[in-house]
Amino acid sequence: MKIEIDVPEGKSGSWSVESFEVPENDFSQFISSFKTGRSVPAGKYKRLLRGGTCVMSNTPDEIRDFMGFVWRSSGNILVNGLGLGVLLKALLNRPETEHVTVIELNEDVIKLVGPTYENDPRVTIIHADAFEYKPTKGVRYDAVWHDIWDNICSDNLEGMKRLHRKYGRRSDFQMSWCRSLCEYYKRRDQRRYY
């Protein structure tokens, strides 16, 4: 599965968007897949980096992470975390999507990615902290997605719980990026200590 994105390469502050290519027969991908269960097949992709560290890409594993949410979503949608805009593009590709409000903490990410979506009347990008943002009174979302974390880690669970509580009464359903995997890591780590 691949989602092509039109976000141009660029740099703003410590953030950058760049293209990259994984060549055929790249042995490092086999090693990565063996260790983590995640790999990148040969092809051309884009990634969002902070200080040289990849935070988001349009690789198949990252797309699979949110496609369950995309398939269940319709109507008025809230997305916490703009990232590279891959989820946003997937949502906008669906006729069931009426409007997407994106909350993004980092102004540099908005400068890099936001212009790609600024002419779509179904998109509103707001520079705010997901934990502090207050939706307009009476606004209800059909679906809410939370993806404000750089890596898959059980430390993210507390923030996920806070956001799910915050939007529980304002949405029909919500999901967080890799929540089940973070829960698995927490259970695994707890078993190691007993």
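Overview of results
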{"item": "Candidate set: region 102-123, residues that are among the hydrophobic types (A, V, I, L, M, F, W, C) and not in a loop (DSSP other than H, G, I, E, B); chosen: the one surrounded by the most Cβ atoms within 10 Å (Cβ to Cβ)", "result": "V113"}
{"item": "Region 53-63, residues that are without any contact (Cβ under 8 Å) to a residue 60 or more places away in the chain and touching a strand residue (DSSP E or B) at 6+ places or on another chain (Cβ under 8 Å)", "result": "C54, M56, S57, N58, T59, E62"}
{"item": "Test: residue in region 105-117 that is under 25 Å from R47 (Cβ atoms) and either aromatic (F, W, Y) or modelled with pLDDT under 95 (or both)", "result": "yes"}
{"item": "Candidate set from region 130-156 (those that are surrounded by fewer than 16 Cβ atoms within 10 Å (Cβ to Cβ) and of a type in the set (A, V, I, L, M, F, W, C)); member that is modelled with the lowest pLDDT", "result": "C153"}
{"item": "Flag if I126 is part of a strand (DSSP E or B), without any contact (Cβ under 8 Å) to a residue 60 or more places away in the chain and closer than 23 Å to V70 by Cβ", "result": "yes"}
{"item": "Flag if E158 is over 25 Å from D61 (Cβ atoms), out of contact with any helix residue (DSSP H, G or I) (no Cβ under 7 Å at 6 or more places or on another chain) and among the acidic types (D, E)", "result": "no"}
{"item": "Candidates F173, F131, filtered to the one that is in a loop (DSSP other than H, G, I, E, B), over 22 Å from T59 (Cα atoms), assigned by TED's automatic domain parsing to the domain that holds F66 and under 18 Å from the mean Cα position of the chain (by Cα)", "result": "F131"}
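The values are calculated or read from the model by the stated rules, or taken from the named source; none is laboratory data. Bear in mind the structure is a predicted one, so any value in this text is a computation, not a measurement. Cβ atoms come from the backbone with ideal geometry, glycine included; neighbour counts cover every protein chain shown.
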